[in-house]
Every structure is written in C-alpha cells, then in structure tokens.
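The values are calculated or read from the model by the stated rules, or taken from the named source; none is laboratory data. If you're wondering where the values come from, they're calculated on a predicted model, not measured in any experiment. Using ideal geometry, Cβ is built from the backbone for each residue, glycine included, and neighbour counts are taken over all protein chains shown. Surface areas here come from the heavy atoms of the whole protein model, side chains and all, with no ligands, DNA or RNA. Shrake-Rupley method; radii C 1.70, N 1.55, O 1.52, S 1.80 Å.
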Amino acid sequence: MHVLILGGTRDAMNLAAELLARPHFKATYSLAGRTRRPLPSGLPTRRGGFGGPSGLADWIKREGVDVVVDATHPFAAQMSEHAIQACQACNIPLARLDREPWQPQDGDLWHTAPDLASAAAAIYDHSKSGDRILLATGGRSLSHFEHIKQRHFTVRCVDAPEPAPKFDDWTLLTQRGPFKLENERQLLREHRIDMIVCKNSGGAAADAKLQAARELGLPVLMVQRPDVRSAGQAFFHYLALVDFLESLHTSSAIPR
Ligand code: NAP
C-alpha cells in the first residue's frame, strides 16, 4: 500500500519512522523544500511543490498512491486544501495528522491575533517603544513585521532568512526545536525579552516558551490558526494514524 506523507513536521517524521519499520507499506515523504537542511525521514523523499491540486492528483495517479496523509503544519493551509481536492479527484482516502492548539492557562498573559498582519498591527497595542520582542513565527513571516519601528526583534528560525529582513534593530537565532524549558528561560532572560510573538502551532516541541513566559510574567501575542476545511479522518497521535493505515491495509478498502 503506497502512502504519501505530506510532511514538514515532527509528527510527520514520527509517522515516517513507524512506516519504515513496517515493510508492507510503501511510503513516500514529501517536503515543500523550505528548510535548507531537513532532517532525514528515512523514507524515499521528494522535495518541492506538486503544482497545485491537479499536479498533486497527477502525481498520485502516476506513482500509484493509495492513501495520502496530510501531516503538514497547522498553518500550511494551502497544502491541506490541495490535498483534499486531489484526494477527492482521485477518489482515495485522506487522513490528517493534527495537533490540538495550545490553550491559555492560569497566569498566561496572552493576546490573540487572527493572522500575521493583525499580529503586526497589535504589537503597537501590547508593547512600548524600546521593547524587545521574540519573533518565533517562522522565517517566511518576517516581512509582515518589517515596518515596525522602535522595537528590537530577536528572530528565531531554523535557517537564516534570505533575503535578510529589513528590521532597524534585530538579532538572529537559528535554532531548531524541540526546545527545553531551561533553555527557553535562559533565552528570555539573556535577550531581555519583553514579549513573545508566535503561531498557535500546538504540540510539545515548542510549548516550553509559553511556560517560560508564564513564569516570567511576559505577554504572548498568539497568532491563531488559519481555517482549514476538514475532510477525511483526523488523528491526534501518529500511532493512532498507523492503526488506521493498518486497518486500510487489511480491509478491502484499498485494492492490492
Ligand atoms: P502552504 O502555504 O500550505 O503551501 C504552499 C505550497 O507549498 C503548496 O501549495 C505546495 O505547492 C507546497 N507545499 C507545502 N507543503 C508541501 C509538502 N509537504 N510537500 C510538497 N509541497 C508542499 O505551506 P507552507 O506554510 O508554505 O509550509 C510549507 C511546509 O513547511 C509544509 O510542509 C509545512 O508542514 C512546513 N511548515 C510550515 C510551517 C508554517 O508555519 N506554515 C511551520 C513549520 C513547518 P504546490 O501547490 O506547488 O503543490
């Protein structure tokens, strides 16, 4: 059974490792190609876009894909929508490997913004001149914040952004999660951070900064997830999704 994993997340890597250990699955791992040095999934891997929903549908047919797993990041809304359309066109199952969004806890000082542009506008409401802001929204989001004056940005992303953002005053930290609480505490203190701006990605790899912010009484400007149409079955743990794939494999749902 040929499984196409639309990847780019730690959950997708966990799923890939699990399928690698089960030789009755043929699996292909797909990356958009944004990260310069992606961690190897162990599976045969393709990189780059498919060329929209029709390109993905063509790829599915050409490669004999039986089921698609959308294990992309919760903010990768376009890829998720394309997967829905392509699977419908090819009449094959689609499963979503998801994670619950983070929820504010007692002691949190969260402000929310519906998208990156709104978050950039809200920075003036929730910070003051001279404040130091940890921007953990990803390297491709930075242009939304470039016009903001009189703030210092500490930008954390996996790769150095190219071209470099046009901030007046900024520091770059190239780091890849998962992040530990003690390191997040140290980062916030060392860089004298006054506020964090991040996406509500959910999951355990990047939530330590929220706990550190709570401990230090720092505000967090949380960008809400984009709306993604739900289709196919959603799973919140990669092992539950493996069980689903196993059930497809043993049932007659997939012709072999
Ligand atoms: P997006 O806006 O939903 O996708 C834009 C285009 O990139 C898609 O239409 C598709 O091109 C291509 N693409 C995206 N994911 C792909 C994949 N896994 N394999 C092949 N092509 C893919 O997504 P994005 O926000 O650019 O994110 C790209 C990748 O980075 C995703 O795999 C995601 O899991 C990962 N990521 C995203 C974020 C985030 O905040 N957005 C954070 C961490 C990781 P075509 O239309 O040409 O097929």
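A few comments on the model shown:
- Placing R0 at 25 angstrom, the Cβ-Cβ distance between residue 158 and residue 230 gives a FRET efficiency of 0.30 after rounding to 0.05.
- Rounded, prolate or oblate (a/c below 1.5 giving rounded, otherwise prolate when a/b exceeds b/c) for the chain by Cα gyration tensor: prolate
- The modelled label-to-label distance between residue 189 and residue 18, using points 7 Å beyond Cα along the C-beta direction, is 3.8 nm.
- Gain in span if fully extended, residue 61 to residue 140, counting 0.36 nm per residue against the direct Cα distance: 25.3 nm
- Carbon + sulfur, % of accessible area of the range 109-223 - ligands and nucleic acids excluded, 1.4 Å: 48 percent
- Between the range 63-125 and the range 205-256, the Cα center-to-center distance that results, in Å: 9 Å
- Within straight-line reach of residue 199, meaning a Cα separation under 23 Å, sit the following lysines at least 8 residues removed in sequence or on another chain: 128, 149, 166, 180, 209.
- When the range 109-223 is reduced to its Cα atoms, the Kirkwood hydrodynamic radius in Å: 14.0 Å
- Chain lengthening between residue 251 and residue 180 when straightened (0.36 nm per residue, less Cα-Cα): 21.4 nm
- Within the listed set 242, 197, 220, the residue fluctuating most in the Gaussian network model of the chain (springs between alpha-carbon atoms under 10 angstrom) is 242.
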